[in-house]
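Data block below; observations after.
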Amino acid sequence: MKVTVGVSGGIAAYKAAELVRALQQHALDVHVVMTEAAKQFVQPLTFSALTGHKVISSLWVEGDAEPEADLASAIEHIDAAQTTDALVVAPATASTLAKFAHGIADDFLSTLYLATTAPVIVAPSMNVNMWQHAATQANVETLAGRHVRIVPPGSGYLACGMTGEGRLAETGAIVEAVLASLNHRNDLSGETVLITAGGTREALDPVRFLGNRSSGKMGYALAEAAERRGAKVVLITAPTALRAPARCEVVPVITTAEMRHAVLGHFGDASIVIKAAAVADYRPVEQAEQKMKRTGPLSIQLEPTEDILAEVVSRRRAGQLIVGFAAETENAVVYGRDKLLRKGADAIVLNDVSREGVGFDSDRNAVTFLTRDKAHDFPEMRKRDLADRILDEILALRRPHAKLVTETDRVFEG
Ligand code: CTP
């Protein structure tokens, strides 16, 4: 998950380096945004060295730049707002709080605050009189009313020589507030979620294989989301280019047979099974021991692989939820529903892969969540947001009577 640390210009700016480190210890990908004033206290280099990412402080390219470069930079920066999972501002000065409260977007940090929909946490730090001033208190109240999480300053000796309230809160308290904002739900605590991801590969010879276009992004997003919501996650993954999600048990496999073996080995402990992998339906009957040479026309004889999902369903124990995925290029709902009934899963997450810009290899997706009695369409969104929505639907399967049918749901008869 990505967290943006906003550093504004107070003497406590140096403490943001410790905060960055502490957040990284929770496997968070930390990016830093600084105000111009903050750069008077700490060099951006400190933060770029700690995070491995460029520090952003201006909406524009530094120095004289072509308009195109400025535009590209502005777009890149707005992208930063859309991709962060939380914005934490520490230290937040009186001026930063005032800008946030009044919607003034005159630098990158204040623009980011307005542009992001992620949770925002602010840790104010300033002189005691500035903190206690009615204007500052009113701004804090306004922000709290807009669901900004405030980590109040502590009391003590202040850099200005005075004693009182205004010291930046302890790093631990700020980290806790960030984690609480990210883990707003803990509704999978006590669950073991088994997820398959990626596309299995069936070798033709030592260098070639039959594969598919699955990137594994949806399965990995589900694994991260389930872990964040408190689940113990086992991720059985065919090859992908993705980084293993933190705190998940990751079991790498290549072929369908290996995936089957791993799934059956871990299936017993799982309370929820999500089969997001694109599994090869066929494998070559024979695999050449040496690299095949180009000769004339070539036919390859294939045999069907085991249907892991169907096998898991046939061995399920009471209370286990089993959810499959289906990628279809035509008649998606009809084929998807047929698959759901044929395989006996509790639900199928249906991808219509004929749509442009979503699905395979994209960071975005639009799916239909199919159960025996209805189809719920999710509009296009980031796979990581979709992962949470899919998990919500899966948990709702446990309480069918509490589930509302929304206006857009299509209800199946019989
Ligand atoms: N699946 C599986 N084992 C297979 C093939 C598919 O477990 N050998 C699972 C996938 O992980 C997915 C679901 O079954 O959750 C549907 O996969 P899909 O390839 O769409 O279904 P198929 O059964 O292969 O049907 P078809 O290719 O005919 O559409």
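State which residue is farthest from the chain's Cα centre (by Cα) when the search covers only segment 135-186 and only residues that are among the aliphatic types (A, V, I, L, M) and farther than 29 Å from Asp388 by Cα. Looking at the filtered set, the residue picked out is Met162. Residue pairs whose Cβ atoms lie under 6 Å apart, sitting 6 or more positions apart in sequence or on different chains, and linking a residue in segment 274-288 that is touching a residue at least 60 places away in the same chain (Cβ under 8 Å) to a partner that is part of a loop (DSSP other than H, G, I, E, B) and surrounded by fewer than 22 Cβ atoms within 10 Å (Cβ to Cβ), are Ala278/Asn212; Ala280/Thr305; Arg283/Thr305; Pro284/Leu204; Pro284/Ile300; Ala288/Asp205.
Across segment 171-188, the number of residues qualifying as open to solvent by 50 Å² or more (accessible area, probe 1.4 Å) and in contact (Cβ under 8 Å) with a residue 12 or more places away in the chain comes to 5. If the condition is being at pLDDT below 95 and not acidic (Asp, Glu), then segment 98-108 contributes Ala105, Phe108.
None of Asp361, Asp409 is on the phi > 0 side of the Ramachandran plot, of a type outside the set (Gly, Ala, Ser) and at pLDDT below 90 except Asp361. Just one of the listed residues (Phe369, Phe360) is crowded, with 16+ Cβ neighbours inside 10 Å and closer than 21 Å to Thr408 by Cβ, and it is Phe369.
Picking from residues in segment 393-406 that are in a helix (DSSP H, G or I) and surrounded by fewer than 13 Cβ atoms within 10 Å (Cβ to Cβ), the one that is modelled with the highest pLDDT is Pro400.
Kindly indicate whether Glu165 is outside any strand (DSSP E or B) and either among the polar types (S, T, N, Q) or outside the structural domain of Arg283 (by TED's automatic domain parsing) (or both).
On the way: outside any strand (DSSP E or B): no; either among the polar types (S, T, N, Q) or outside the structural domain of Arg283 (by TED's automatic domain parsing) (or both): yes.
The answer is no for Glu165.
Can you confirm whether segment 199-214 contains a residue that is free of Cβ contacts under 8 Å to residues at least 24 places away in the same chain and either of a type in the set (D, E, K, R) or not assigned by TED's automatic domain parsing to the domain that holds Val367 (or both)? Looking for residues that are free of Cβ contacts under 8 Å to residues at least 24 places away in the same chain and either of a type in the set (D, E, K, R) or not assigned by TED's automatic domain parsing to the domain that holds Val367 (or both), one finds none in segment 199-214, hence no. Gly344 - would you say it is more than 13 Å from the ligand (Cβ to nearest atom) and out of contact with any Phe, Trp or Tyr (no Cβ under 9 Å at 6 or more places or on another chain)? So Gly344 fails the test. For segment 298-315, name all the residues that are aliphatic (A, V, I, L, M) and either within 11 Å of the ligand (Cβ to nearest atom) or not in a strand (DSSP E or B) (or both). Correct list: Leu298, Ile300, Ile308, Leu309, Ala310, Val312, Val313. Scanning segment 6-56 for residues that are open to solvent by less than 40 Å² (accessible area, probe 1.4 Å), assigned to a loop (DSSP other than H, G, I, E, B) and either at pLDDT 95 or above or touching a helix residue (DSSP H, G or I) at 6+ places or on another chain (Cβ under 6 Å) (or both) returns Ser8, Gly9, Thr35, Val42, Val55.
Got a sec? Which of Ala277, Ala318, Ala270 is of a type in the set (Gly, Ala, Ser), within 11 Å of the ligand (Cβ to nearest atom) and either in contact with a strand residue (DSSP E or B) (Cβ under 6 Å, 6 or more places away or on another chain) or open to solvent by 70 Å² or more (accessible area, probe 1.4 Å) (or both)? Among Ala277, Ala318, Ala270, only Ala277 is of a type in the set (Gly, Ala, Ser), within 11 Å of the ligand (Cβ to nearest atom) and either in contact with a strand residue (DSSP E or B) (Cβ under 6 Å, 6 or more places away or on another chain) or open to solvent by 70 Å² or more (accessible area, probe 1.4 Å) (or both). For segment 316-364, the set of residues classified as in a loop (DSSP other than H, G, I, E, B), in contact with a Lys or Arg (Cβ under 6 Å, 6 or more places away or on another chain) and either without any contact (Cβ under 8 Å) to a residue 60 or more places away in the chain or not assigned by TED's automatic domain parsing to the domain that holds Thr240 (or both) consists of Val358 only. Is there a residue in segment 252-261 that is within 13 Å of Phe209 (Cα to Cα) and of a type in the set (A, V, I, L, M, F, W, C)? Yes, segment 252-261 has at least one match. Under the condition of being β-branched (Val, Ile, Thr) and surrounded by fewer than 24 Cβ atoms within 10 Å (Cβ to Cβ), the residues counted in segment 189-233 number 2.
For Val323, are the conditions met, namely being within 13 Å of the ligand (Cβ to nearest atom) and not charged (D, E, K, R)?
Criteria met by Val323.
The values are calculated or read from the model by the stated rules, or taken from the named source; none is laboratory data. Quick caveat, the model's predicted, so the values are computed rather than measured. All Cβ positions, glycine included, derive from the backbone under ideal geometry; neighbour counts span all protein chains shown. Please note that ligands, DNA and RNA were not included when accessible areas were found on the heavy atoms of the full protein model with its side chains. Shrake-Rupley method; radii C 1.70, N 1.55, O 1.52, S 1.80 Å.
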